């Protein structure tokens, strides 16, 4: 999995802890049988909630936890995306407080939590990955410069032949992504990975990087 080492564990632990907190908040809302679209409700862990907010909390908590289990790179990306959504939620919901459009039953305490939690997810998810000058020890620095995430995995991949099923799958996916990108298509994630794959000149190295970033 990409984004290993201490930095990867930081991203994974941060996402897991915040995801678990959202899970607990959401489940407590279900236990209290809150009305789904109520614009005001009893406090849950000091925050106002309703059935819809409880469901959303469980969904996003699950997303963060699954990403943390899958790997550091995925946890980092997920934390940044969810963090941005939390920040946007805090800004948007402050505009509808005490109105019929307050479908998430927000109060000012919810707004503050949303902004703080979003900022934490953004900072911790981006830490050591999106900074301008990454240290040489960072796995993201090595990947960005065409190198493997770690030497042991690089050695294992160099020994694989194109007949290996996983290697052949990576070669096919890489070729499809390159064709889509050349035609102006493909996803933003694919284009980001291709820009890093382009740092390697040999086919085996390109496949190894692709596998590392998509596993």
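The values are calculated or read from the model by the stated rules, or taken from the named source; none is laboratory data. On a predicted model such as this, the values are computed, not experimentally measured, just so you know. We place every Cβ from the backbone using ideal geometry, glycine too, and count neighbours over all the protein chains shown.
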- Going through segment 40-65 in order, the residues found to be closer than 25 Å to residue 11 by Cβ and touching a residue at least 40 places away in the same chain (Cβ under 8 Å) are 56, 60, 61, 62, 63, 64, 65
- Task: Run residue 171 past the list (1) modelled with pLDDT of 70 or more; (2) under 15 Å from residue 73 (Cβ atoms); (3) crowded, with 18+ Cβ neighbours inside 10 Å and report the number of the one that doesn't hold.
- Result: (2)
- Task: Any chance you could count how many residues in segment 114-123 are surrounded by 19 or more Cβ atoms within 10 Å (Cβ to Cβ) and within 23 Å of residue 42 (Cα to Cα)?
- Result: 2
- Message: If the requirement is being outside the structural domain of residue 192 (by TED's automatic domain parsing) and at pLDDT 90 or above, which of these qualifies: 45, 97, 115?
- Response: 115
- Query: Listed residues 29, 61, 8, 15; which is crowded, with 21+ Cβ neighbours inside 10 Å and either outside any helix (DSSP H, G or I) or touching a strand residue (DSSP E or B) at 6+ places or on another chain (Cβ under 9 Å) (or both)?
  - Reply: 29
- Working only within segment 66-77, note down all residues that are within 14 Å of residue 213 (Cα to Cα) and surrounded by fewer than 24 Cβ atoms within 10 Å (Cβ to Cβ). 70, 71, 74, 77
- Query: Quick check, is residue 54 in the same structural domain as residue 19 (by TED's automatic domain parsing), assigned to a helix (DSSP H, G or I) and either surrounded by 20 or more Cβ atoms within 10 Å (Cβ to Cβ) or modelled with pLDDT under 90 (or both)?
  - Reply: yes
- With respect to the numbered conditions (1) in contact with a helix residue (DSSP H, G or I) (Cβ under 7 Å, 6 or more places away or on another chain); (2) buried (at least 20 other Cβ atoms within 10 Å of the Cβ), which one is the sole condition not fulfilled by residue 23? (2)
- Taking segment 185-204 only, how many residues are exposed (fewer than 12 other Cβ atoms within 10 Å of the Cβ) and at pLDDT below 70? 2
